[in-house]
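*Asks:* First the structure, then my questions, so here it is.
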Amino acid sequence: MKREHQEAAGGGDRRGGEGNWYVAAEQEKGKALMGTDDGVDELLAALGYKVRSSDMADVAQKLEQLEMAMGSSAAANDDALLAHLAFDTVHYNPSDLSNWVDNILSELNAPPPLPQPPPPPPPDDPLSLQFDLPPAVTEQYTIGTVDLPDGSPCKPADVDELQPEASTASSGWLISQSGHQPEVAMSLRDRKRLKVCSSPPSSTITADAATAAAAQQVVIVDSQEAGIRLVHALMACAEAVQKENLKAAGAIVKQISVLAASQGGAMRKVAGYFAEALARRIYRPQPPRGMGCSSTVESAALDDMLHHHFYESCPYLKFAHFTANQAILEAFAGFRRVHVVDFGMRQGLQWPALLQALALRQGGPPSFRLTGIGPPQPDNSDALQEVGWKLAQLAKTIRVDFRYRGFVAASLADLDPYMLLGPEADGGGVEDDEPEVVAVNSILELHRLLARPGALEKVLGTIRAVRPVIVTVVEQEANHNGRAFLDRFTEALHYYSTMFDSLEGGASPPAAVEVGGHDQAMAEIYLGRQIYNVVACEGAERTERHETLPQWRARMSRAGFDSVPIGSNAFKQASMLLALFSGGEGYRVEENDGCLTLGWHTRPLIATSAWRAAGDPLSTSASCRTASS
Amino acid sequence: MAPPADDVRGLFRQELRIQLLERRPKGKEAACFASLCFPNSISDSCRYCSVSAHDGGKQRGERQRVEGMDVPSPSSPWIWDKILEFVEFLRCPVLPVLAMLRFGCVASDLGGFILISMVVPLHTWVLISNFKLAYNMVRRPDGTFDRHLAEFLDRKVPANASPVNGVVSFDILINRASNLLARIYRPAPPNSSHPATPLAGLHHPPSPDQFPVIIFYHGGSFAHSSSNTAIYDSLCRRFVSLCGAVVISVDYRRSPEYRYPCAYDDGWEALKWASTEPWLHSGKDSKLRVFLCGDSSGGNIAHHVAVRAAESGIDVSGNILLNPMFGGNRRTDSEVRLDGKYFVTIQDRDWYWKAYLPEGADRDHPACNPFGPNGGTLKELPFTRSLVIVAGLDLVQDWQLAYVEGLKKAGKDVKLVYREQATIGFYLLPNTDHFYEVMEEIKNFVSSNL
């Protein structure tokens, strides 16, 4: 057979029956020749590139064309081509060599870029942290982080003082007050609220095979012997718990606190949280509700407060908002009526930046509708509405036509498509010759649904039904939903050690130290509650069911979603954003097969992915528009 | 009278494109097309129709005879005459004709099949061309570098403490102050079969007997890649299996942000770190048996770290330099002859040196040209033995050969492995004889100098 031929040719006698490294390599080689089931070439796959064997010819040919084009432009001493590819071209998913090369080639074949005047720089804007962006390429929007006008998240805004305040507060912003102010579309009368109660899930089974032989990512930041012993003690304790040897576990957990005391910094804190969670599990097998196991009504406000400190003290949530916004903005390009459904509104920290980017959009801002979803508040206060008012105030100042609705729902699974879209979306009105396009945004929300069988499937069905042009999903990059307790525990230990280490190492710049210290302590409590949930809770109470990108990819694709790659533009800007955190030392943004991750050193900790319904004509046309704009 | 080679090439390529368009080959055939129709994509065998120039004595004889007649070099008109003959003879069945399109290829009839001899296999060609394209985009003519785009395009893999083919890896901050990171690869500890306890045993020696520690400096011309880049992750894993070694891949600072001597400082830091880790010491004498290894710029770093080790009395068991990056002011024959031919140009070499060397320094700086006019001598130093791998189609080869000469002149022990038909990056993919034979050399070098 030909294959034998090949191996004989490659090998020869001298290698017969040698060390297993050679055998492994030979097998590799054999596999590459055969190709895998899906036709992806294995030799290149092992090096991070996905090319179908059948596309190899095509890829090679295109690479050659590119090389020739570059060679000739280099010969002509003309850097315009290279500069165009490096600066003006947004690259998507370089793992997918075939598409990547196609993309570059299409840039080459496009008419040469005209020198364009830079867009008017945003005026001296007190609300935004300015990044050192290159004089921008016109089609690419940039999003900074923008704080709400008064900077504090929960202060109620009074309706009466809203109007006059707005005009004075806006003096430094980008528009002067002319007579022609668009109406803020939201009014008290119009606003709809819906309280939905949790209902038992309709379907019962989720076949949740822990997909993906997930990689065990270990970053050792403190290699001291005592630290290692501490980790071993924690794991021994978890192992005892798994074997239901609570007596032994109880004995070890006491040692842990002694060992932890000898440690400094992040390790001591992390060990403390884990030991506490273990102790709770050992001594109280059935913890009462509300002890942090689930975000019950009592803890929702506290959650929000801690969440805000987490937002302030480290770049993870900013990265999440930023990258999701960038993907939404690109998907909205060219549309005049846009609608974002936010699965976790909280204090709306994500939206000022998007509003501002929309305001600066070429051709003027679109009409923007926001639907914010949040849990019921303990005191029945209307936190969602308050956030909406603030956003409306901002929107008015920067002249974006804005409408807002808040939905209170105990679980996302309680939502139905008609609630999200409302009557306007179907184009009932006269002014709707332009269709409304929808984006669905979920930041650290979807994993909670895994606690209730069928809930995620239902929500994904709801998402499909609203036909979004883009679905942005941010999730913790970890597998804390493995079947065995010990696996979850170990993964969580690595994950949160790294997380705490980043809080420590990436502490705020000196100017903000007093505030920063407080934020960091609260952020640690925020993470501590997650640790508690992963370690001490079980069943429906265990809601911090983080899963990895490969697992989410599998889920999303089963539910009929295609990945939308996030491009180099978002990557670049996210990397710049990081420079604000201890000069970016330690934090790393990485591209992972079309998704972006942010991690500490080499351990990715949070991941943004974007999706669209497979084969949805509207979505497809939207993506074409984006690509061609 | 044969038309000038370039015209013939042009004609064939045109023909080829037509064929590709009309026939739309799929699968293996398509790949075969590709493996045949790209310049520089020349290897010992066509990977897709699995024919090789090495099968059996007859073919070997054929090849030698051909080589005896004429060197099938890219510019040789001979090969194009030969191709024309074949085209006439075969009336253009696509595959064989394409086979002939390779310059430098050697062909003979094997029962209706054409034997192909190409230097660069398709996979390698695609991989390295892709790097070349990406590198061209991130390297700016003014000497600055688009780090964001470079990082976006770089394919990375996370460390994995669960054994894969018996190898585990983890990342470790070996110096908190300078934020120096390294990825450690090692044979899986015996108790790591339980996936939940990956840390157990990571810091125990992998073997009670003596074992080698390889400090690896990745390549990338001082500017590209890092210790988690997929190609180097894969290579380091191979070294573990190959030598039963613990491999420490150093995430050194890169130019142009960090110039000379940052990369050497970090490389040196890693060696000092290894010398203080008890679990890396082995054998009855509890000794660190360390090899310094690197490709391209990494090879250069390995040399300079070895010099510091010799000066400071740290014992290094050996140096393994794969296509090490050296240079100098003058232009050598190989630089002129191979400029732009096999992925690399003189222009880009110059760019990287300018980005790495101190501001204002020229390429006779000792970092670049260690045995040049400004270089020191190693005569007095207990400099370790070296294994130097040189690829015959790498334009830097003259400098690499000069380096080997320099070591010899200083009375140092050096073994040169010269692979005439190899290009840069051949050690990244297990698809040539060069790969297997060089791996074998490395294995023997390590085991005999342990």
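*Asks:* Between rounded, prolate and oblate, where does the stretch B:225-312 land on the alpha carbon gyration tensor, with a ≥ b ≥ c its root eigenvalues, rounded for a/c under 1.5, else prolate if a/b exceeds b/c? Provide the component values of the computation, followed by the final result.
*Replies:* Numbers: a/c = 2.14, a/b = 1.24, b/c = 1.72.
Judged from the Cα gyration tensor, the stretch B:225-312 comes out oblate (a/c at least 1.5, b/c at or above a/b).
*Asks:* Report the net charge of residues surrounding A:His447, where surrounding means a beta-carbon distance below 9 angstrom and charges are Lys +1, Arg +1, Asp -1, Glu -1. All intermediate terms of the calculation are to be shown ahead of the outcome.
*Replies:* Values: positive: A:Arg448, A:Arg545; negative: A:Glu445, A:Glu475, A:Glu544, A:Glu547.
Counting the neighbours of A:His447, the net charge comes to -2.
*Asks:* Taking 0.36 nm per residue of separation and subtracting the Cα-Cα distance, what length does fully extending A:Asp382 through A:Gln362 add?
*Replies:* Numbers: separation 20, 0.36 × 20 = 7.20 nm, distance 3.52 nm.
Going from the current span to full extension adds 3.7 nm.
*Asks:* Right, another one. Hey, got the dipole for the stretch A:297-448? About the Cα centre, +1 on K and R Cβ, -1 on D and E Cβ, debye to the nearest 20? Could you put the intermediate results ahead of the total?
*Replies:* Working: 12 positive and 20 negative charges, 117 e Å.
With only Lys, Arg, Asp and Glu charged at Cβ, the dipole is about 560 debye.
*Asks:* Determine which residues of the stretch B:234-264 fall in the zone a paramagnetic label at B:Lys415 would reach in this model, i.e. backbone nitrogen under 16 Å from the point 7 Å along Cα→Cβ.
*Replies:* B:242-244
*Asks:* Let's see if you can work this out: charge +1 on each Lys and Arg Cβ, -1 on each Asp and Glu Cβ, no other charges. What is the dipole magnitude of the stretch B:348-430 about its Cα centre, in debye to the nearest 20?
*Replies:* 380
*Asks:* Could you list which residues have their amide H under 5 Å from that of A:Arg52, counting only those 5 or more apart in sequence or on another chain, with H placed in the peptide plane?
*Replies:* The answer is A:Asp41.
*Asks:* Something else: Where Lys and Arg each count +1 and Asp and Glu each count -1, what net charge lies around A:Arg346 among other residues with Cβ under 11 Å from its Cβ? Don't jump to the answer; show the numbers that get you there.
*Replies:* Numbers: positive: none; negative: A:Asp303, A:Asp304, A:Asp342, A:Glu445.
Charge balance near A:Arg346 sits at -4.
*Asks:* Using a 1.4 Å probe and counting only protein heavy atoms, arrange B:Asp364, A:Asp487 so the residue with the most accessible area comes first. Show your work: numbers first, answer last.
*Replies:* Values: B:Asp364 25, A:Asp487 60 Å².
Solvent-accessible surface, decreasing: A:Asp487, B:Asp364.
*Asks:* Let me ask you something else. Residues with amide H under 5 Å of B:Asp364's amide H, sequence separation 5 or more or different chain, H placed in the peptide plane at 1.01 Å from N; which?
*Replies:* When sequence neighbours closer than 5 places are left aside, the close amide H contacts are B:Asn329.
*Asks:* Put +1 on the Cβ of each Lys and Arg and -1 on the Cβ of each Asp and Glu in the stretch A:522-609; which of A:His601, A:Ile566, A:Gly586 then has its Cα farthest toward the positive end of the dipole?
*Replies:* A:Ile566
*Asks:* So what J values fall out for the stretch B:180-190 if you push phi through Karplus, 6.51 cos²θ - 1.76 cosθ + 1.60 with θ = phi - 60°, rounded to Hz, Gly and Pro as x?
*Replies:* Using θ = phi - 60°, the values come out as 7, 10, 9, 9, 9, 10, 7, x, 4, x, x Hz.
*Asks:* Moving on. Given the protein chains as shown and a 1.4 Å probe, how many square angstrom of B:Leu401 are accessible, to the nearest 10?
*Replies:* Approximately 50 Å² of B:Leu401 is accessible to the 1.4 Å probe.
*Asks:* Oh, and also: Need one number: nm distance between label points at A:His232 and A:Asp102, each 7 Å from Cα along Cα→Cβ, rounded to one decimal.
*Replies:* Here the modelled spin labels are 5.3 nm apart.
*Asks:* Rounded if a/c is under 1.5, else prolate if a/b beats b/c, else oblate: with a ≥ b ≥ c from the C-alpha gyration tensor eigenvalues square-rooted, which is the stretch B:349-450? Mind dumping the intermediate values first?
*Replies:* Working: a/c = 2.37, a/b = 1.28, b/c = 1.86.
Cα axes put the stretch B:349-450 in the oblate bin.
*Asks:* When only the heavy atoms of the protein chains count and the probe is 1.4 Å, how do A:Glu244, A:Glu239, A:Glu538 rank by accessible area, highest first?
*Replies:* Numbers: A:Glu244 150, A:Glu239 55, A:Glu538 80 Å².
In descending accessible area the options line up as A:Glu244, A:Glu538, A:Glu239.
*Asks:* In nm, what is the difference between 0.36 nm times the number of residues separating B:Glu311 and B:Arg337 and their Cα-Cα distance?
*Replies:* Values: separation 26, 0.36 × 26 = 9.36 nm, distance 3.76 nm.
So the extension gain works out to 5.6 nm.
*Asks:* Could you provide, to the nearest whole Å², the per residue accessible area of the stretch B:202-286 with probe 1.4 Å? Kindly include the intermediate steps, with their values, before the conclusion.
*Replies:* On the way: 2480 Å² over 85 residues.
Here the per-residue accessible area is 29 Å².
*Asks:* In nm, to one decimal, how far is the modelled label at B:Asp362 from the one at B:Glu437, with both set 7 Å along Cα→Cβ?
*Replies:* If labels sit at B:Asp362 and B:Glu437, their model points lie 3.8 nm apart.
*Asks:* To the nearest 0.05, what FRET efficiency results for B:Arg140 and A:Asn245 with a Förster distance of 56 Å applied to their C-beta separation? Kindly include the intermediate steps, with their values, before the conclusion.
*Replies:* Details: r = 62 Å, r/R0 = 1.11.
The formula returns an efficiency of 0.35 here.
*Asks:* Tell me the net charge near A:Phe310. Cut-off is 13 Å between Cβ atoms, A:Phe310 excluded, with +1 for each Lys or Arg and -1 for each Asp or Glu.
*Replies:* On the way: positive: A:Lys318, A:Arg346, A:Arg529; negative: A:Asp303, A:Asp304, A:Glu312, A:Asp519, A:Glu524.
Within the 13 Å Cβ shell, the charges total -2.
*Asks:* So how much accessible area does A:Ser557 have, in Å² to the nearest 10, using a 1.4 Å probe?
*Replies:* A:Ser557 has an accessible surface of roughly 70 Å² with all protein chains in place.
*Asks:* Counting only other chains, what is the mean number of Cβ atoms within 10 angstrom of the Cβ of each residue in peptide B:130-136?
*Replies:* Working: counts 12, 0, 4, 9, 6, 0, 9.
If you average over the peptide's residues, the count of other-chain Cβ atoms is 6.
*Asks:* Compute for chains B and A the buried accessible surface, both sides summed, probe 1.4 Å, and express it in Å² to the nearest 100. Intermediate results must be reported in sequence, preceding the final value.
*Replies:* Values: alone 19680 and 29030 Å², together 41360 Å².
Adding both sides of the contact gives about 7300 Å².
The values are calculated or read from the model by the stated rules, or taken from the named source; none is laboratory data. Fair warning: this is a prediction, and the values are worked out from it, not measured in the lab. For neighbour counting, all protein chains shown are included, and Cβ atoms are generated from backbone atoms with ideal geometry for every residue, glycine included. To get the accessible areas, we keep the full protein, side chains included, count just its heavy atoms, and leave off ligands, DNA and RNA. Shrake-Rupley method; radii C 1.70, N 1.55, O 1.52, S 1.80 Å.
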